[in-house]
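One structure is given below, encoded as structure tokens.
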Amino acid sequence: MHNMNTKLQEFDHSLISFFRKFHPHFARFALFVVYFWFGILKILDTSPANPLVMELQEKTLPFLSFHQFIIFFSLYEMLIGILFLFSKFDRLTILLFVLHMGTTFMPLLFLPQVTWQGFLTPTMEGQYIIKNLVLIALVLNIGAKLESWKEKVKN
């Protein structure tokens, strides 16, 4: 039994070491894929999110044409994705991400007929938006590894 415990502890240690080594790289790559891919789908007008984006844009920025807006929004998402690949831009990337998250949650408030089918029961579009909490958690993990400016001054 003792030998089995030791082997489990060794496996546990190896697995956690693997996670620690690769999680920052995989987290950045995953964020890149989601942002770049979804951004390019919008610009190609093949994204299933485009009708939702159009409806929200008409309510919030009616002075812009959808064509102008979707190009800007797509490029913005693609830029966020690219920036996530480079840790030296983390502060800027996190700021752009936070601004983007603000817009992605807006349909839950401004388009309830599209995002909710009942009390606390989201539609597929609502679920798509709410799952962004996972992206927020991933970005919080990246941000938690940053050295604060206050810490930099001390060092």
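The values are calculated or read from the model by the stated rules, or taken from the named source; none is laboratory data. None of these values were measured; they are calculated from a predicted model. All Cβ positions, even for glycine, are placed from backbone atoms using ideal geometry, and neighbour counts span all protein chains on display.
One residue stands out among those in the stretch 1-25 that are within 21 Å of the chain's Cα centre (by Cα) and aromatic (Phe, Trp, Tyr): the one that is farthest from Met78 (Cα to Cα), which is Phe19.
For the stretch 86-130, the set of residues classified as β-branched (Val, Ile, Thr), closer than 17 Å to Val53 by Cβ and in a helix (DSSP H, G or I) consists of Thr103, Thr104, Val114, Thr115, Ile129, Ile130, listed by residue number. Every condition in (1) surrounded by fewer than 16 Cβ atoms within 10 Å (Cβ to Cβ); (2) without any contact (Cβ under 8 Å) to a residue 24 or more places away in the chain; (3) in a helix (DSSP H, G or I) is met by Ile82 except one, and the failing one is (2).
Of all the numbered requirements in (1) modelled with pLDDT under 95; (2) of a type outside the set (S, T, N, Q); (3) farther than 28 Å from Leu140 by Cβ, Leu44 misses one, and that requirement is (1). Of all residues in the stretch 123-141, those that are farther than 17 Å from Gly81 by Cβ have Cβ atoms under 7 Å from Cβ atoms of residues that are of a type in the set (Ser, Thr, Tyr), 6 or more apart or on another chain, in Thr123/Thr115; Glu125/Thr115; Gly126/Thr115; Ile129/Thr104; Ile129/Thr115. Do we find that Trp116 is hydrophobic (A, V, I, L, M, F, W, C) and loosely packed, with under 10 Cβ neighbours inside 10 Å in this structure? Judged against the criteria, Trp116 is not a match.
Within the stretch 26-67, how many residues are within 17 Å of the chain's Cα centre (by Cα), assigned to a loop (DSSP other than H, G, I, E, B) and within 15 Å of Leu111 (Cα to Cα)? So the answer is 1. In the set Pro51, Pro62, Pro122, only one residue is surrounded by 13 or more Cβ atoms within 10 Å (Cβ to Cβ) and farther than 22 Å from Leu146 by Cβ; that residue is Pro122. In this structure, Leu85 qualifies as among the aliphatic types (A, V, I, L, M) and closer than 25 Å to Leu133 by Cβ. When you look at Phe22, is it part of a helix (DSSP H, G or I), modelled with pLDDT of 95 or more and not acidic (Asp, Glu), yes or no? Spelling it out, it is not the case that Phe22 is part of a helix (DSSP H, G or I), modelled with pLDDT of 95 or more and not acidic (Asp, Glu).
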